[in-house]
Amino acid sequence: MADHNDPNAVNSIFSDIEVSAADLYDIFGFPSDDRDGGEKVVIALTFAAVPIAGTLDSDLLYRIRIAPDRRIQRNEDDQSLAGLLRYFDDVKKKYASTLKPAEVRVTIDPNNRAMVKFIGFPGGAFSKLIDTNTSLTLQSPGGHPIKIYVGGRDDAFFNDLPGFFRSINYAPQFYHVPHTMPEARELPIPKTFLELEGNDLFNYDPKNPMLGRGVKLDLPPGPWSWTGNKFKKDADGNFRFVYSGQDAQAGKNVNAIILEIPLAYLTDAPNDHRVVNAWGESWVRKAAHKVESIPDEPFWIERPFDLVGLLELDDELKQYKLVDTDGQAFADAALSEREDSRQMGANNFWLAPHFVKRLAHLGWGFGPSVSALGLKCSFDHDNSPVSVHRFEHSVLTAFPRVKKVLFQDLRMPDDTWNPKGLDIPLRRAVEIFIPNVNSIDMDTTGTWPFGRRLEDQVATRFLSVFLDMDAEIKGKKYSVELLNDQSLWDAAPIVPKTPPNPLKNDVPFLKAFPYLAEPHPETATASPTYPSPTYPSPTAP
Amino acid sequence: MSLAAAAAPRAAAPPATDFARELRRIDARIAAGEGALAPPTDTERVTTYVDALYRRALLTGDLDALERVEPAIDRGIGLITHPGDLHLLKARLAFHLHRLADVGRILEAVAPARTCPEGQTLLADLDFQQGRYAAAAARYEAVIAKDRHWGALAGLAYHHFKMGDPAHADRLYAEAEDELTAKEMRAFAWLELQRGVLDLAHGRRDETAAHYARAERAYSGWWVADEHCAELLAVAGDLEAATELYERLISQVSRPELQQLLGQLHVLMERPGRARSRFVQARAGYLDSVRRGGVHYIHHLADFYCEAIANGARAVEWARRDVALRENFITQAALAWALMRGGAPAEAAEWMDRALASGVQDAHLFAQAAAVYGAAGEAEKAASCLDRSRQFNPRLSRFHVHR
């Protein structure tokens, strides 16, 4: 038939795969307030409500991987580059060999029932076929009660995502960006919290207020670089905030796997293992296994390392492909540029050099805008009066500038996070993002970065890593909550006078399991935490 | 799936097939995109609409419709600021219609279309079609090193298939399959068909049948799978079943080469009247395409005047035009075959020398070479080629589908 073995004879240049149930959104995790029967940890993995909230995709497999461990001890506070690299190496060794993460695995049958498997936990392995959209309590072999909910909920993420994308000049949120122009995604304009004078591509346009909030325009012809030299100010001398404080996820649903698990089920040493590390993974069934069960043939002659990887997979996982991982909010989006090959979850150690350079790139943008507001910045931007679009091409030049960002203790606003008053070190950015896991400290409330509670405004707290935590405002040291303080913005020369992101969810969370609010009656699909292409990706047929 | 099952008539009221469902989705997209090519519009609307038109033409195998997509692509290009995606689509369309010079011209002129992985894979396909086999392999490998796209793996597999390493080719096809998910079942089915073709080229008919059956299970209702099954039935000697299946295909898909294949089956079944009728329809279809400026069927016309309605002079004429479009082992061998049929065995042998110099190891090619060299009086070369043909496929059939 003269197609000459041409795969394109059966395909277009665009994918058939649109918004995917494999798109993980968030992983929440915190110690349960319910201590009846002992300590319990709550973990909630949320993902795209595809096909709709409450109905899950039977081609998907979700894993919540859990690795309880001791709290990090800083015997030697080495803040050198060598010390940083040693830290990465230690983490790598720990996740590669010492920790053996257990997991909760969920698949969906054609009747929308969930097969849930608890694998590798000291409290015993077991599995159960359960109804979706119902809160249930399962009993482990050792008698531990485990609460579980699989199904549709309200999207617990409350956030001004368009504001974040405006801050990094992420064009696909605002413009139709062709697949053949990957260079036109993050445009070469300084990242910033404050609008730049003359940044017509991304500055708020009162004539088109919904641009980036559902409205997209055709990407104008280049060049897309910015040639200005100052932040934009209005007639009253106010800066214009790139954020609006509005909740872009209001009224949207997700599908979710929510667990409440006794700590004693997760670890044999609950008094020792006070930190529960958790991350989520989505896997999609391989085409071959959709047809029938076919033994995998490791192509070990050509790809010997694949064989090593395959040996670590059980028979079920070999039928699936890893698509997405989720550990820390913004670890992928802000630090890894959301490249699929960098969706590494706990195994993101190899990103360490990239992480340092990317943080420096963000710092050159965000740093001067922090300083312009009169706040002290943790990034060394040479007192630049305006944000700069600059890449550090070497870790050696990037590291001194980001050292404080990486190593400073992220101060909490008060002591409520540490109800037992224990000697728990404050978290640092370097520990938060590598490895890319949600580390839930069971001796804390689990508020970010000691986990992630539903009510945490984590997007704004993430921005606080660029604040100098040694600085004071009104006699009080900076903290991760500073940018959530309305009074700060009331006093700042800026409009709109709002914290970057909303302070609470559009609907109240529940006080009891499953904690996330009921799904909205509409069958709306939640937007991903990072936008999908305007039309399907070309990397699949 | 047994061969008999492949030809069995379908139930009167079958459930919607994967093919039917996909076609319905595309039609819905086309309906939703009506008006996309008139201002005011935007990149997403234009691209989605044009892509849907293109997909529909490909899926239904309607080359006339595919030709009609091109003006829509051109209109789209004129409407949007950054038409790189549409240029890539246009290059793909040109490749599908064998307008290889256009492919090269488009990719040369449009950097975004050329530099993306899809563009690089298309350039590798172009290299192969233009006889630059080593360059094609190197380019596929470069794409794979960066992005293990299944299409590049399949392209490299085809290269190894033709260069005589079927085991490596099959492994690469399997690797390509391994890259696909349950959301890409048509691509998986297509790869299974290629693995079947690979087996068939080496006489492994049962293995071929197994691959074709998996293709059908992966993506049901696809005429392309039926067309492969029809060939297999014919090669296996079940000419009645093959005829029935080709007739059904012709009722679904308007492709003149299907008419020619059915005509050739009638020849094998000694039904000259029916064969003639099919050949006339095939010729009309080919020439209609050529009259519209198409080059897709030039190769088929060369073959037609050799195997269907014999006319050596015309066969040579079309084969020379084919070589001028793309000189590779396929067109070189086709010209050699036409020259032999046209009574010029010495020149035929020269062209066959060129075809074999490509390094391609293929039973059908060696069988043709044996005949050409025999006609040219080069008995030793003819015997050697015949041996090699049998070595690659001891069960080579007289029925052959050009792929």
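Quick notes
To keep it simple, each residue is scored yes or no on (1) surrounded by fewer than 22 Cβ atoms within 10 Å (Cβ to Cβ); (2) in a loop (DSSP other than H, G, I, E, B); (3) in contact (Cβ under 8 Å) with a residue 12 or more places away in the chain.
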{"residue": "A:206", "(1), (2), (3)": "yes, yes, no"}
{"residue": "A:209", "(1), (2), (3)": "yes, yes, no"}
{"residue": "A:227", "(1), (2), (3)": "yes, yes, yes"}
{"residue": "A:246", "(1), (2), (3)": "yes, yes, yes"}
{"residue": "A:256", "(1), (2), (3)": "no, no, yes"}
{"residue": "A:265", "(1), (2), (3)": "no, no, yes"}
{"residue": "A:268", "(1), (2), (3)": "yes, yes, yes"}
{"residue": "A:273", "(1), (2), (3)": "yes, yes, yes"}
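Residue by residue, here is whether (1) buried (at least 21 other Cβ atoms within 10 Å of the Cβ); (2) among the small types (Gly, Ala, Ser) holds:
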residue	(1), (2)
B:312	no, yes
B:319	yes, yes
B:331	yes, no
B:359	no, yes
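- Of the residues B:187, B:174, B:167, B:182, the single one that is facing another protein chain (nearest Cβ under 9 Å), surrounded by fewer than 20 Cβ atoms within 10 Å (Cβ to Cβ) and over 22 Å from residue B:127 (Cα atoms) is B:174.
- Filter pass, residue A:240 being closer than 20 Å to residue A:460 by Cβ, outside any loop (DSSP other than H, G, I, E, B) and more than 14 Å from chain B (Cβ to nearest Cβ): yes
- Test: residue in the stretch A:174-192 that is surrounded by 23 or more Cβ atoms within 10 Å (Cβ to Cβ), modelled with pLDDT of 95 or more, of a type in the set (A, V, I, L, M, F, W, C) and farther than 22 Å from residue B:44 by Cβ: no
- Number of the condition not met by residue A:238 [criteria: (1) touching an Asp or Glu at 6+ places or on another chain (Cβ under 9 Å); (2) surrounded by 12 or more Cβ atoms within 10 Å (Cβ to Cβ); (3) not small (Gly, Ala, Ser)]: (1)
- So residue B:47, is it of a type in the set (Ser, Thr, Tyr), in a helix (DSSP H, G or I) and either more than 9 Å from every other protein chain (Cβ to nearest Cβ) or over 20 Å from residue B:289 (Cα atoms) (or both): yes
- Single residue of the stretch A:91-123 satisfying the filter (closer than 23 Å to residue A:54 by Cβ and aliphatic (A, V, I, L, M)) that is surrounded by the fewest Cβ atoms within 10 Å (Cβ to Cβ): A:115
Per-residue answers, yes or no, for (1) without any contact (Cβ under 8 Å) to a residue 12 or more places away in the chain; (2) more than 23 Å from residue B:66 (Cβ to Cβ); (3) basic (Lys, Arg); (4) out of contact with any Lys or Arg (no Cβ under 7 Å at 6 or more places or on another chain):
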| residue | (1), (2), (3), (4) |
| --- | --- |
| B:254 | no, no, no, yes |
| B:271 | yes, yes, yes, yes |
| B:277 | no, yes, no, yes |
| B:293 | yes, no, no, yes |
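- Within the stretch A:510-527, residues that are at pLDDT below 90 reach partners that are outside any strand (DSSP E or B) and surrounded by fewer than 19 Cβ atoms within 10 Å (Cβ to Cβ) with beta carbons closer than 8 Å, at six or more positions or on different chains, in the pairs A:522/A:251; A:524/A:251; A:525/A:19.
- All of A:306, A:296 fail the test of being within 12 Å of another protein chain (Cβ to nearest Cβ), in a loop (DSSP other than H, G, I, E, B) and modelled with pLDDT under 85, apart from A:296.
- Checklist (1) away from every other protein chain (no Cβ under 11 Å); (2) buried (at least 24 other Cβ atoms within 10 Å of the Cβ) applied to residue B:230, failing item: (1)
- Helices (runs of 4 or more DSSP H) completely within the stretch B:288-349 that count 2 or more residues being among the charged types (D, E, K, R) and within 23 Å of residue B:376 (Cα to Cα): B:298-307, B:312-325
- Test for residue B:360: is it aliphatic (A, V, I, L, M) and touching a residue at least 40 places away in the same chain (Cβ under 8 Å): yes
- Test: residue B:364 is farther than 21 Å from residue B:134 by Cβ, in a loop (DSSP other than H, G, I, E, B) and out of contact with any strand residue (DSSP E or B) (no Cβ under 7 Å at 6 or more places or on another chain): no
- Pick from the stretch B:190-200, criterion under 15 Å from the mean Cα position of the chain (by Cα) and more than 10 Å from residue B:225 (Cα to Cα), ranking: surrounded by the most Cβ atoms within 10 Å (Cβ to Cβ): B:191
- Residue match in the stretch B:217-226 (condition: touching a residue at least 60 places away in the same chain (Cβ under 8 Å) and on the phi > 0 side of the Ramachandran plot): yes
- Test: residue A:496 is over 30 Å from residue B:122 (Cβ atoms) and at pLDDT 95 or above: yes
- Some residue of the stretch B:120-129 being free of Cβ contacts under 8 Å to residues at least 40 places away in the same chain, over 30 Å from residue B:390 (Cα atoms), of a type in the set (D, E, K, R) and within 10 Å of another protein chain (Cβ to nearest Cβ): no
- Taking the criterion of being polar (S, T, N, Q), within 24 Å of the chain's Cα centre (by Cα) and farther than 20 Å from residue A:242 by Cα, the residues of the stretch A:354-408 that qualify are A:378, A:408.
- Of the residues making up the stretch A:147-193, those that are more than 13 Å from chain B (Cβ to nearest Cβ), under 23 Å from the mean Cα position of the chain (by Cα) and outside any loop (DSSP other than H, G, I, E, B) number 17.
- Here A:48, A:44 are screened, and the one residue that is under 26 Å from residue A:512 (Cα atoms), among the aliphatic types (A, V, I, L, M), at pLDDT 95 or above and surrounded by 23 or more Cβ atoms within 10 Å (Cβ to Cβ) is A:44.
- Residue B:105 being more than 8 Å from chain A (Cβ to nearest Cβ), touching a residue at least 60 places away in the same chain (Cβ under 8 Å) and either surrounded by 23 or more Cβ atoms within 10 Å (Cβ to Cβ) or under 28 Å from residue B:290 (Cβ atoms) (or both): no
- Residue in the stretch B:44-51 that is surrounded by fewer than 21 Cβ atoms within 10 Å (Cβ to Cβ), modelled with pLDDT of 95 or more and either under 30 Å from residue B:252 (Cβ atoms) or touching a Phe, Trp or Tyr at 6+ places or on another chain (Cβ under 9 Å) (or both) present: no
- Among the residues listed as A:340, A:326, the single one being more than 30 Å from residue A:495 (Cα to Cα), modelled with pLDDT under 55 and not hydrophobic (A, V, I, L, M, F, W, C): A:340
- Residue match in the stretch A:416-427 (condition: out of contact with any Lys or Arg (no Cβ under 6 Å at 6 or more places or on another chain), free of Cβ contacts under 8 Å to residues at least 60 places away in the same chain and assigned to a helix (DSSP H, G or I)): no
The values are calculated or read from the model by the stated rules, or taken from the named source; none is laboratory data. All figures in this text were calculated on a predicted structure; none of them were measured in a lab. FYI the Cβ positions are ideal-geometry reconstructions off the backbone, even for glycines, and counts take in every protein chain you see.
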